[in-house]
Structure formats: C-alpha cells, structure tokens
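Below is one structure; the comments refer to it alone.
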Amino acid sequence: MSTSKKDVYLVIGGSGFLGRHIVEALLARGDSVSVFDIVQRHHDVPFYSGDISEEEQVSDALRKSGATCIIHTASPLHGLDDPALYWKVNVDGTQAVINAALANGVPKLVYTSSAGVVFNGNDLIDVDERLPGLEKAMDPYNESKAKAEEIVLAANGKGGLYTVALRPAGIFGPGDRQFVAGLFQTWQRGQSHIQVGDNTNLFDWTYVGNCAYAHLLAADRLVPHSEKDLERLKDELHVGLPSINATTQRRRVPTSLARPLGPYVTPPPNAEKILANWEDPAYEPPVPRPAVRGKFDQFSDAALARDHDAPLQVAGQVFFITNGEPTGFWDMPRVLYGCFDAHFQRPNTKRRWILPQQLGLLLGSAAEWWAWLVGKEPGFTRYRVSYSCAWRCFNIEKARRVLGYEPQVGLEEGLERTFEWWVAERQKAGKAQ
Ligand code: NAD
C-alpha cells in the first residue's frame with residue numbers, strides 16, 4: 001500500500017516534543033528528513049528557520065529540502081492567554097503550509113490535530129471519528145486546531161495534494177515540557193494528595209513514540225488505496241482485532257468491575273469455563289474471532305455504503321490516536337507522584353483529599369476571578385476541573401484497521417521511560433536529587 005519511491009520529509013515543528021520523536025523515527029528507518037521551526041533545538045538534520053504564517057518561508061524550505069511529504073506538528077502550547085496567536089499560527093499558518101505545498105507540487109501533508117477538538121467538557125465515551133465537530137470549542141487553542149483540521153481536510157485531493165489529520169489524546173513521554181513539569185510542581189507544593197472528582201472517569205493517553213509511529217504510518221498510506229487493497233481491508237473488517245495488551249501482556253478491560261459474562265441473572269451452563277479462561281493469562285481465544293457489527297457500527301456495510309467507503313481511505317480522513325489503554329484519570333498522575341516520592345524519599349503521607357466536581361468548579365471560578373483581580377495566571381481553573389472529571393476515551397479501531405496502527409509501547413513502560421528521562425534531564429541541569 002505504500003508508494004514505491006521513498007518520500008523526503010519536512011517536519012514542521014520538528015524541534016518540538018512530538019516533532020522530535022517523529023524526526024528520530026524517520027531517521028531510525030533511514031529516511032531523508034529536514035526540520036522547519038521557529039527555534040532550533042537539535043543539530044543532526046538540515047534545519048530551516050521560519051514561521052509557518054509566512055508562506056514564502058515555508059515555500060523556501062520546501063524548495064531547498066526537496067520534500068515530498070510534510071508532517072505538520074507546529075502549534076503554540078496549549079494554555080496561553082493569546083487567542084490571536086493561536087489563530088495566526090494554527091489557522092493562517094496551516095493555510096500557508098497548504099498554499100506552499102500546492103505551489104511546490106508537494107503531494108502529501110500529514111497534520112497533527114488534537115482529540116481536544118471534540119471535547120467541550122462533556123463525557124466522551126468510546127467515541128469514533130463520526131462524532132460531529134463542536135458548535136463552540138472549549139477554548140481558543142482547540143477552536144484554532146479544529147479550524148486548521150477543517151482546512152487541511154478540505155484541501156485533500158485538490159491540486160495533487162493528499163492530506164490526513166491525526167487526533168492524538170494526552171501525549172506523554174520523554175521530551176515533554178508540560179505534563180511531568182506540571183505534576184512535579186504540584187508534588188513540590190505538597191498537593192499530590194488532592195484529587196478532583198472520584199476517578200471513575202476513564203481517560204486516554206498516548207505515548208509519544210506511538211504517536212510518532214502513527215504519523216509515519218499515515219504518511220506511508222496517504223496515497224489512495226487501490227481497489228484490491230480496499231477489498232482486502234473490507235474482508236478483514238469481519239475479523240475481530242486482538243485486544244491491546246502492550247502494558248499487561250494479557251487482555252485487559254478498562255475497569256476492575258468488568259466481568260466476562262456481564263451482569264446476568266442466570267449464569268449460562270458453561271459459565272465456569274468462561275470464567276476460567278478469563279482468569280488464565282495464557283488463554284488464547286480461537287482465531288479468527290468474528291467481528292460483530294450492528295447497523296450503528298462505523299464499519300457496518302450500511303455505514304460504509306453511506307460514506308462511499310471513504311472511512312477506509314487515509315487521504316481526507318481523521319484518526320483518533322491513543323494508547324488504547326484508558327485508565328482512571330488520576331491513575332497516571334499517581335504513578336508519577338509515586339515516582340517522585342520514591343526518588344526524593346519524601347512520601348506525601350497526607351490522607352487523600354477528594355474534592356467533588358461541583359465544589360471544584362466553584363473553587364475554579366473563584367480562583368479565576370481572583371487571578372483576574374490581581375492580574376495573574378490562575379493555577380486552578382474550571383477547565384482543569386472539567387478536564388480531570390470528564391470521560392475522554394476514543395475508539396481507535398479506524399486507526400488500527402486503516403492505518404495499521406498498534407500501540408508499540410504500553411502505558412507502564414511509557415511512564416518508566418518518561419521518568420528516567422526526567423531524572424536524567426535534572427542530572428544534566430545539575431539539580432539536587
Ligand atoms: P511543542 O510545543 O513541543 O512543539 C511545537 C513546535 O512547533 C515547537 O518546536 C515550536 O517551536 C513550533 N512552532 C510553534 N509555532 C511555530 C510557528 N509559527 N512556526 C514554526 N514553528 C512553530 O508541542 P507538542 O506537544 O510536541 O505538540 C505537537 C503537536 O501535537 C501540536 O500541533 C499540538 O497541538 C498537538 N497535540 C499535542 C498534544 C499534547 O498532549 N502535547 C495532544 C494533542 C495534540
């Protein structure tokens with residue numbers, strides 16, 4: 001399905017957290033890659049300094065690098081108090097990237113969108129890509145990401161350009177500048193025992209290496225499938241996918257309350273056998289397992305007929321990307337708090353303090369008002385409360401089927417790698433252990 005000729009890549013935002021992992025993944029498989037960014041942080045690949053909102057600068061980099069595939073991950077960080085900057089970079093800048101690609105005959109554009117474009121504070125439970133866009137985005141960052149995604153997809157198939165947008169959720173891993181730093185601050189303030197909400201809401205995360213891998217797959221498969229490939233994909237839709245077990249090495253369900261038989265009144269005659277198989281980590285279900293599809297399923301024959309098979313293409317499509325291992329929202333921070341406790345030999349022994357969501361929202365409101373009055377950035381906001389109390393889990397079947405994406409690194413290993421990297425960075429910076 002990939003094109004026979006190797007692409008030459010320009011990673012826009014390649015100095016950033018995700019961008020750097022994409023560059024490394026491309027280098028690791030022997031690809032030719034350059035970076036375009038407003039800052040240079042690495043010196044091992046050709047670098048073009050520039051701002052994406054300046055079309056001529058992007059064009060210049062495309063000409064000089066000879067790129068045939070653009071991977072565009074540039075964006076200002078989330079959480080800045082500057083709506084105009086988000087619009088300028090994410091919307092006008094992305095339009096400039098598209099214009100430059102068209103002007104230079106570049107055939108492929110992979111855009112990093114965000115799972116946040118469908119989040120407005122309400123629960124998202126196993127949602128797939130058919131979920132319509134929001135009337136009102138959660139904040140200016142997500143509004144600009146949604147608009148950028150829209151113009152990227154609208155550009156697909158015009159002027160010889162194929163485009164795709166990936167929507168990762170909660171990226172973490174070595175090189176991250178926000179997630180671990182924020183948790184460390186909370187831990188340093190002695191607030192790691194505070195939890196907002198009851199932690200029954202499941203949340204999806206994405207290890208950065210997995211996210212980079214998804215970008216490479218999207219680039220490889222961006223050229224529209226042939227009839228033969230489509231037929232093969234359609235055949236495979238009738239076979240169940242294996243469960244994702246990158247962390248546990250065994251099938252896993254996202255809640256400890258789950259039982260293989262569900263809530264039943266009268267157990268079936270083979271209940272004991274089903275339970276025994278369930279408890280046995282070595283049990284392999286007979287393969288192939290059929291995929292059961294109802295009319296509301298995104299890959300049912302009816303759904304595909306309605307959409308003219310478009311969801312089976314990469315070009316012109318969006319894909320949610322996660323680790324496929326949703327956890328209670330606070331489980332991830334708690335693992336890292338535990339790492340800090342052990343590393344600094346300073347466990348937080350205070351009793352866990354669980355703040356109900358409604359109270360959290362009231363306090364968030366008060367903190368925002370206070371910060372406004374004294375002219376400071378609020379540390380505790382209603383957005384943060386909604387974010388940590390909502391369900392945010394995404395169905396990644398489309399990415400698995402169509403991109404061929406499978407998470408390579410599980411949550412646990414990802415967290416270990418993240419913490420090791422964080423300790424090494426502190427050592428490099430000469431910080432006390
Ligand atoms: P990052 O800030 O580490 O990287 C972004 C890069 O873009 C930086 O190197 C920055 O210098 C560059 N950049 C910013 N403005 C630019 C401009 N005008 N011109 C050229 N370069 C510019 O961010 P990240 O966490 O690696 O995020 C990468 C992408 O993934 C972003 O598009 C972000 O919206 C998206 N995303 C991130 C997350 C997450 O949890 N980090 C989740 C979902 C989506």
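Values in this text are rule-based calculations from the coordinates and carry no lab data. Nothing here was measured: the structure is a model prediction, and the numbers come from that model. Ideal geometry is used to build each Cβ from the backbone, glycine not excepted, and the neighbour counts take in all protein chains shown.
Points worth noting:
- Backbone HN-Hα couplings from phi across region 401-411 [Karplus 6.51/-1.76/1.60, Hz, Gly and Pro as x]: 6, 8, 7, x, 7, 9, x, 8, 10, x, 4
- Selection of trypsin sites (Lys or Arg not before Pro), region 281-319, meeting DSSP coil and at most 13 other Cβ within 10 Å: LYS295
- Taking every DSSP beta bridge that has both ends in the chain, the antiparallel portion is near 10%.
- Prolate/oblate/rounded call for region 33-85, Cα gyration tensor, a/c under 1.5 rounded: prolate
- Nonlocal amide H pairs with GLY50, under 5 Å, H built at 1.01 Å: ASP37, ILE38
- Among the GluC sites (Glu not before Pro) within region 18-102, those in coil by DSSP and having at most 15 neighbouring Cβ atoms inside 10 Å are GLU54.
- Within-12-Å neighbourhood charge of ALA101 [Cβ basis; K, R +1; D, E -1]: +2
- Taken along its three principal axes, the alpha carbon spread of region 351-433 comes to 49, 42, 31 Å, from the longest extent down to the shortest.
- For the chain, the ratio of Cα radius of gyration to the globular rule of thumb 2.2 N^0.38 Å stands at 1.03.
- Distant-in-sequence amide H partners of TRP391 (H built 1.01 Å from N, under 5 Å): ASP123, LEU124
- Prolate/oblate/rounded call for region 112-178, Cα gyration tensor, a/c under 1.5 rounded: oblate
- Shape of region 16-173, Cα gyration tensor, a/c cut at 1.5: prolate
- Restraint check, LYS145/LYS295; LYS376/LYS428; LYS64/LYS428; LYS88/LYS376, Cα-Cα greater than 29 Å: LYS145/LYS295; LYS376/LYS428; LYS64/LYS428
- Charge tally in the Cβ shell below 11 Å around VAL110, where Lys, Arg are +1 and Asp, Glu are -1, VAL110 excluded: 0
- Trypsin sites (Lys or Arg not before Pro) within region 360-433: DSSP coil, no more than 16 neighbouring Cβ in 10 Å: LYS376, LYS431
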